[in-house]
Every structure is written in C-alpha cells, then in structure tokens.
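To keep things clear, I will list the structure first and then write my remarks on it.
Bear in mind that the values in this text are calculations on the coordinates, not laboratory data. Fair warning: this is a prediction, and the values are worked out from it, not measured in the lab. Using ideal geometry, Cβ is built from the backbone for each residue, glycine included, and neighbour counts are taken over all protein chains shown.
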Amino acid sequence: MRPMQGYVYPNEFELHWGLLIVVYPYLTGLVAGAFILASLARVFNVREVQPVYRLSLLTALAFLIAAPLPLLAHLGRPERAFEIFLTPNLRSAMAMFGFVYAWYLMVVLLLEIWFDYRKDLVIWSRGSTGVLSLVRRILTLGATDLSEGALRFDAGAGKLITIVGIPSAFLLHGYVGFIFGSVKANPWWSSVLMPVVFLFSAIVSGIALMLLIFMISSLVRFKRVDMACMDKLAAFLMYALVVDFSLEMLDFTQRLYEAEESIRILSQMLSSRLVLSLIVLQVLVGTVLPLMSLALVAPTVRKQGLVKVPDELRRLIYFVVAVLIQIGIFSTRWNVVIGGQLFSKSLRGLTVYKIELLGIEGMLTAGAIVVLPLVILLVLVKLLPPWPDAEAGATAGIGLGLAVSPARR
Amino acid sequence: MAGRSARRWVAAVPQQVRHLGAIFALLVAGLVGARQVLVPKTFGERGHYRAAAVDSIVAQEIGYAGHAACETCHPDIADKKGQSYHRGVACEVCHGPQAAHVLAPMDHKPPAPRERAYCPLCHGYNPSRPTGFPQIDPVLHNPVRPCISCHDPHDPTPPHPPESCAACHGEIARTKAISYHAELPCTQCHAVDRRHSVSPRQQRPSKPTTREFCGRCHAQDADSPPEIPRVDLASHGPGYVCWQCHYPHHPEAR
C-alpha cells in the first residue's frame, strides 16, 4: 500500500481508533441483530424461526457480555470505566451509552431469558445435585412457583419485555451509529442516515450469524437441520439485505449528488485505500453476491426460490452466503471506523493504517475478543440448553400441560 | 389491620416480581451506596468535575516567577529581548520555572539550554506551523554547530547573512565536496542574486537549462583542460538535458 500522501495534520498521522473499535460495532451489531430475530419469533409469531428463538437470545447475551471488552482494552485507564455509571454525564453521548448498554443487558436481555427459562430452571434443578444444578437453582432466584398463573405471568412478562426490547435493540445499535453520525467535523461519518444504516446492517449480520450458529449446532448435535427454519431465515436475511443495501446506496447517492467540498478526498480514498475493504469485500463479496445467491435459491418471492435446488446444496449456499455476509459486515465496520480516519481534516491528504499483531490493540487481542462470545455461548448453552428436546416439559412431562415453552404457545 | 392488608397486597404480587424486585433493589442500593462512597464530596458543585480539584491545584507550590520578576534584576537582557523577535517569548520558556531563583538568586542558578536539539523544538520544520514562522531542517541547517554560535537567543536574528552557500545547503555542499565537481564554486553554474541570502524564497538562484551549458566544459570542442571527460553533444542522449541523467553535485554517481 502507498504510504501517507498529500497534506496531513501532525495529529492525524496515526489513527486513534484502531482494530478494536472496528470490532466493537461489529459485536454490538450481532447482539442487536440476534435479538431482533428472536423478537420476530416471539412478538410476530413467525412459526418457522421458533427453533432459533432461545438460541438467538443466548447468542445476543454472549455477544453483549463481550461487546464492551474492545472498548475497555482500548482505554488507557480501563479500571476507571465504571465511573461513567457513578457520575452520569447527560451531555456526553458516549457516557450515556453506558446506560443504554446497562438497560439492554439488565432490563431486556437478562430478564427475557430469565422469564423464558424460569420454568425449565426450576424443573432441571429439582431433585438433582451437582454444580450445574446448584447454579441453575441460584439462577431461579428462589422463584420456584410453577402454578399455571405463574407460568402465564412468565409468558406475559416475556412478551412485554420483547416488545420493549425491540426499540431497545434499535436504540442499542442505532446509538452506535449515532456516535459516529453525530461527529459533524468528519464528512465520512456525519450523516443522519448513519444510525439507520448501522441498524439494518446489524439485523443483516445478526440473522446471518444465527443462520450459521443454528446450522453448525444442528450438525454438532447430529440433528437434521430444520430447512423450513433455514429457508425462513434466508428469506428474512434477503429482505434485510435489500433494505440495508438500498439505504447504503441512498447514502452514497446523496453524498455524490450533494458533492460537498469533501467529495474529492473521499472519492480519492475510495479509489485507493478502500478498494479492497469497501468495493470488493463490503459491496461485491458481502452484499451483491449474497443478494444474488439468496434471490436465486431462497424462497422469497415464490415458495421455492427462483431456482429449485436440493436441500443439501441450498444449505451449503446459505452457509457460504452467511460467511460472506459476516465478512461484508465486518468490512462495513472497518470502512466506517478506519475510513473515517484515513483522510485529513484538511481534505488534502490520506494517511495509512497499519494493524499491529501483538499489543493490546493488536490483531491477536481483537481475534480473541471476537472468539470469546462463542466460548461464552458454549457455556450458556451447557447451562441453559436452548434446544426444543431439552425443555423440561418435553421430557419430564410433569403434567403441566405445557409441552412447549411459553414462547411457542 | 394495616399490616395484614399490606401482607395480602404483597402476596398478590407474583413471586417472580418479588424476587426480581429484591435483586433490583439490591443493585440500586449498591449503586447508591457506591456513589456515596466513591463520588467525591464536591463533585458537580460547579460542573462535571470535582470542585475541590481547583483548590488542590491552587495549593500546589508555584514554580514560575513570571517575566516581570526577571526584568527587575536583568533589565539589559529584558531590553535586548524586548526589541527582538523573541519579545513574546517569556524568559522561563527557555530557562525553566525560576521561582526558586527569585527567592535565592545565588543558591538556584537557572539553566540555559545550549545544545543544538533545543531550538528545533520550536524552529524545526513542521508543516502545521504558520507560514513565515522561521523553521529549519536540523539535519541540513549548519550541521553539528550549536545554534547559539550564530544566533543570540535574546536577539535571534543572525548578525549577518550566511557567508557560504553551505550554511543553508549543507547536504549539497557535502555531496559536492566528494565529487569531481568539488573544486567548482556554486556560482559556476548558478547565478545568485546577492539578496538570496536574506530572502531566499523571493530571490531564487538560476539553474542551467540547456545542454550547451554543460557543453562549455564537456563538449568535444570545449575550451577546457584535456582531463575533463568529453561527449558528442549531437549523439549523446539527444533530447535530454544533462542533469536528467547526471546529478551535477555528484556527476559520477549512477
């Protein structure tokens, strides 16, 4: 890659926000996306995606737990991070984001999971011993009432929380976009469309992730992959991708038509620094190719998809598409975070970003943080099995007349 | 009676809500408690910061005396500096905080930076510095010599213009010194206006622009000592000016 060129202010040689800040919106996007998928199942009663409902909630939680880590690792004094909760600063978007995060974690995600799993937790922990059972007993918080009224309350509360959760998930990721979109000094970021674009790319990445996790978990458990569920996920993925791509193109067209003074340097950046990450990875590999594949094989317009392909091949295409979309969305985050710092505020020069390998902001740390949620998910899945056949009512049959979880009633 | 109705009211609340409520109450109590313990008492009195921080900063020992204190005892230097380009630069910018020197002039002598690395902190070339601000490239500008050998820090304008081209074009001078052109004066090839040494960018020296110029020494029929290499200007790299291939300050370099 060519080194720094043109005129760059001395404090712009080095990028202040590196790879970790790319990872952060990527992770929160997956949280919001996975949660919105879960809410499709619960609030909008999309029957086909019921099998991923609990898995989506746990995935959202696993990624939400890991989401602040890149920020903490980026901070010079991470041990002071908690102070934003002690002395709330209403005038700082970044400081208030701590509360958005806490609201989403404590009030939305944990509560919804708790209400959904409470019955199962009580039954699983009953009469058995061992660490797992003890943890589950603690997780019931002592609320062991399994009367029909209590279970009805669980279902109602869960649904209410999901309804509150949808705008909360929008808020969570819209806020990340807002933080970039409100930097009015930076023409690459400053756009009112930013929160909306972030949100839809979050939905895209969340659905694609759930598609991957659902497929891999089925294979690992030697279960048949539920193709009805996969087809529905693929259809939703396609719809979200269409909206996401349209919004991005709208943003792009608007910038091009407005042609503000920054347009020259931005187009120079696009045609030199961001060719691979934006044009190739984000647009071609991460959007156009998946869009075309899904349009051909996913049952969107017709019941069968435009081209009829056997289940195995379709599954493989979905898998590849989901992987490509993850690459594409990661590139989207890269292009926003890194792209916004590659050009000088003088609008007359471009700098370069070189990733470290080691070091707290290096590739290894970032990689570890991306893998960590999957490890957390593995633990959560052991603790709170999300599979339909693991539900207490399905095996224990304790005569509650609730063979399926409240969400599936 | 009131106790029984309150108990009945509590019993009517679902068990889950009671237990969750207790947990949330604990969390809120923890947050309130943590705020009591961890948030400094004076936080937020005047703004989003600890108001007492101002007092603790005020209580710090004062290190600087201020230029007025210096001028009382050093009026000659203050006068000289007051007439120079450094009139806006306080004494303690270079000599460091000197409150201790004011209190006990003999016990605390102020340091005076004499090393070459010091002046470029302000005068080293940096594109973000304002146009017209005197800036030099420390590598090329009179290498090795301490700045104070030409510039008096209290009146930095040099007493006379640079005497040799090497004062500013040191790298070229050092390169030329080891080349076959070492003996040639700069004016052999460059016509230099006298004013170039005081306003270098306004009065630029000329540069040879034709092949015939080099040919004055290097052409076949040139009137120059026989040991000077000759070329046939008609056939040797026609269409090119000589310096496009030969660097005149080091012509044998390839």
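Rundown of residues vs (1) within 14 Å of chain A (Cβ to nearest Cβ); (2) without any contact (Cβ under 8 Å) to a residue 24 or more places away in the chain; (3) surrounded by 13 or more Cβ atoms within 10 Å (Cβ to Cβ); (4) part of a helix (DSSP H, G or I), yes/no style:
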| site | (1), (2), (3), (4) |
| --- | --- |
| B:GLY3 | no, yes, no, yes |
| B:ALA6 | no, yes, no, yes |
| B:ARG18 | yes, yes, yes, yes |
| B:GLY21 | yes, yes, no, yes |
| B:LEU27 | yes, yes, no, yes |
| B:VAL32 | yes, yes, no, yes |
| B:ARG35 | yes, yes, yes, yes |
| B:LYS41 | yes, yes, no, no |
| B:GLU45 | yes, yes, no, no |
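Being more than 14 Å from every other protein chain (Cβ to nearest Cβ) and either surrounded by fewer than 21 Cβ atoms within 10 Å (Cβ to Cβ) or free of Cβ contacts under 8 Å to residues at least 40 places away in the same chain (or both): is that true of A:LEU134 here? Yes; evaluated as a whole, the condition is true for this residue. Each residue in the range A:352-364 was checked for being touching a helix residue (DSSP H, G or I) at 6+ places or on another chain (Cβ under 6 Å) and of a type in the set (Val, Ile, Thr), and 2 of them qualify.
For the range A:109-131, filtering for residues that are under 27 Å from the mean Cα position of the chain (by Cα) and either within 11 Å of chain B (Cβ to nearest Cβ) or among the hydroxyl-bearing types (Ser, Thr, Tyr) (or both) leaves 6. Listed by position, the helices (runs of 4 or more DSSP H) inside the range A:276-352 whose residues that are surrounded by fewer than 17 Cβ atoms within 10 Å (Cβ to Cβ) number at least 3 are A:289-297, A:311-337. Quick check: anything in the range B:72-95 surrounded by 14 or more Cβ atoms within 10 Å (Cβ to Cβ), of a type in the set (A, V, I, L, M, F, W, C) and either within 14 Å of chain A (Cβ to nearest Cβ) or touching an Asp or Glu at 6+ places or on another chain (Cβ under 7 Å) (or both)? Looking through the range B:72-95, at least one residue is surrounded by 14 or more Cβ atoms within 10 Å (Cβ to Cβ), of a type in the set (A, V, I, L, M, F, W, C) and either within 14 Å of chain A (Cβ to nearest Cβ) or touching an Asp or Glu at 6+ places or on another chain (Cβ under 7 Å) (or both).
Note on the range B:106-225: enclosed helices (runs of 4 or more DSSP H) holding 1 or more residues that are closer than 30 Å to B:HIS236 by Cα are B:170-177, B:211-218. Taking the conditions (1) within 12 Å of another protein chain (Cβ to nearest Cβ); (2) without any contact (Cβ under 8 Å) to a residue 40 or more places away in the chain; (3) part of a loop (DSSP other than H, G, I, E, B) in turn, A:LEU146 satisfies each one other than (2).
Residues considered: B:PRO161, B:PRO105, B:PRO111. Of these, the only one that is touching a residue at least 12 places away in the same chain (Cβ under 8 Å) and in contact with a helix residue (DSSP H, G or I) (Cβ under 6 Å, 6 or more places away or on another chain) is B:PRO161. The sole residue among A:ARG47, A:ARG54 that is crowded, with 18+ Cβ neighbours inside 10 Å, farther than 30 Å from B:HIS48 by Cβ and of a type in the set (Lys, Arg) is A:ARG54.
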